[in-house]
Amino acid sequence: MSEICVENREVVVPGDVLARGMDYLPGFGTYRKNEDIIACRLGLARVEGRALKITPLSGRYLPKKNDVVIGRIIDITVSGWRLDINSAYSGMLMMKEASSDFIQKGADLTQYHKLDEYLVCKITNVTSQKLVDLTLKGPGLKKLTSGRIIMVNPYKVPRIIGKGGSMVAMIKEATGCHIIVGQNGIIWLKGTPKEETIAVRAIRKVEKEAHCEGLTVSVKELLESETGKEVAVKNANNEGE
Amino acid sequence: MPIMKVSKMAYENRTDGRNYDETRDIEIKAGVIDNADGSCYFKIGETIAYCAVYGPRELHPRFLQDPAGGVLRCSYNMMPFSGIGDRVRPGGSRRSKEISMVMENSLRPVVDLGEYPNAVVDVFIELPQTDAGSRCAAICAASVALADAGIPMKDMISSVSVGKVDNMVLVDLDYNEEAYEDGPVADIPVAFIPSTGEVSLLQMDGEISKEELKEAIELGKRKCVEINKLQKEALKNKYQKEGDLNGQ
């Protein structure tokens, strides 16, 4: 006899039994012991058909292929730049991936990117030993000049972006800020100081109440009262990535 | 807290009036340190442990890195004013080094760092106040803090000290009992993986017979299951509280 021992979206902790019996399959954040499926992470349990998964609520960012991240240059090597991507592993941006110019052998790479600069990059590859390759070639990938950087919990990023970028599009529209959200939990904003402050407040609210329903409405209300303007909720395309 | 003079009679009733199988009051809070990736406050009687977990993050110096999986690194520290009476000299000691090591060993079987090669998870324990059982409190706190930090774990570890004072097999000895002078005392910190009942820490100080040791360990196992419930509850409380904002 198989049975599920948790409700959908219930908070579970390591060691909790999620289901008994072989009819269910262990997904992300779970493992099988004998006949039982047991949680091995803190998060929200999710039942998807026969699979049981956990949506984590906390933790550091783990690099994943095709993620767009914001990184800070921490080192310059002979062949490229090393970036801190807010994770246990740093990313490597090779010369070839950074510029379409021909770069002379032994050239001074600081003429392209200096230390401590922030770049919007895409992860092209992650090896089993977590060596991370980055690229700057692609739509929206660029060097960031001016603006401000804030850090959020990387597991709340999907909610900050919203369905098809709707949440971040709304914040952009209401405040007039330029915003880029990296999957690694680093967010870049640029606007007037007042606009930035309002946008940061809205993002913090989303981060704090990420698992709440009706979040779009309450963020809309926050933005309206802060800016004093009507805010339209719309399903924008995913330019917020 | 004053040190009570224990009477010369055989030890039959515990000085603080507890049952032989009764732990001191336990209070657990998860997520008490904002800067850390995960944290916990664990209080058992007069013993208080704070734990902060940082990482997984890059490990330096590099020769310590393990390409096969992450490294778990514990640091146990008693604050200078934490003891009973004497000032604890700050900085590492032989004792703190040993306890850091046994903590690592007791947490290692459940913590799965295979996803984090070459990285380190740092676990810092500070004890602002101690009244015996500090390594057990530290292990309980570390286990909650690691889960709070989103580290993959097979199960949580629970730990309690058991032992014998005079002729009585007891759970969770306090300082007065550990320091009992008119008879043999055994102090046995144990840690269990509650779901399987496996032992992940077993140390002993003092003397005890084989039968009594078995009895004491069984008692510890039973109490660890209870402590495990409290640990899980504390973690859920932290997130449930956030969840209560749901829809309201």
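The values are calculated or read from the model by the stated rules, or taken from the named source; none is laboratory data. Remember, it's a predicted structure, so these values are computed and weren't measured experimentally. Please note: Cβ atoms are built from the backbone with ideal geometry, for glycine as well, and neighbour counts cover all protein chains shown.
The table that follows gives values for the structure above.
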{"quantity": "Strands (runs of 3 or more DSSP E) within segment B:156-248 that include 1 or more residues in contact with a strand residue (DSSP E or B) (Cβ under 7 Å, 6 or more places away or on another chain), hydroxyl-bearing (Ser, Thr, Tyr) and within 14 Å of chain A (Cβ to nearest Cβ)", "calculated": "B:158-165, B:198-202"}
{"quantity": "Options A:20, A:9: the member that is touching a strand residue (DSSP E or B) at 6+ places or on another chain (Cβ under 6 Å) and within 12 Å of chain B (Cβ to nearest Cβ)", "calculated": "A:9"}
{"quantity": "Segment B:42-63, residues that are within 14 Å of chain A (Cβ to nearest Cβ) and not in a loop (DSSP other than H, G, I, E, B)", "calculated": "B:52, B:53, B:54, B:55, B:56, B:57, B:58, B:62"}
{"quantity": "Hits in segment A:68-97 - residues which are in a loop (DSSP other than H, G, I, E, B), surrounded by fewer than 21 Cβ atoms within 10 Å (Cβ to Cβ) and of a type outside the set (S, T, N, Q)", "calculated": "A:78"}
{"quantity": "Unmet criterion (only one of (1) away from every other protein chain (no Cβ under 11 Å); (2) under 27 Å from the mean Cα position of the chain (by Cα)) for residue A:78", "calculated": "(2)"}
{"quantity": "Residue count, segment B:73-121 (criterion: under 18 Å from the mean Cα position of the chain (by Cα), assigned to a loop (DSSP other than H, G, I, E, B) and surrounded by fewer than 18 Cβ atoms within 10 Å (Cβ to Cβ))", "calculated": "4"}
{"quantity": "Test set (1) β-branched (Val, Ile, Thr); (2) within 21 Å of residue B:38 (Cβ to Cβ); (3) at pLDDT below 95 - residue B:165 fails condition number", "calculated": "(2)"}
{"quantity": "Residues satisfying the stated conditions in segment A:200-220, i.e. facing chain B (nearest Cβ under 10 Å), under 16 Å from the mean Cα position of the chain (by Cα) and not charged (D, E, K, R)", "calculated": "A:210, A:211"}
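Residues checked against (1) touching a strand residue (DSSP E or B) at 6+ places or on another chain (Cβ under 6 Å); (2) assigned by TED's automatic domain parsing to the domain that holds residue A:121:
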site	(1), (2)
A:24	yes, no
A:44	yes, no
A:49	no, no
A:62	no, no
A:72	yes, yes
A:76	no, yes
A:81	yes, yes
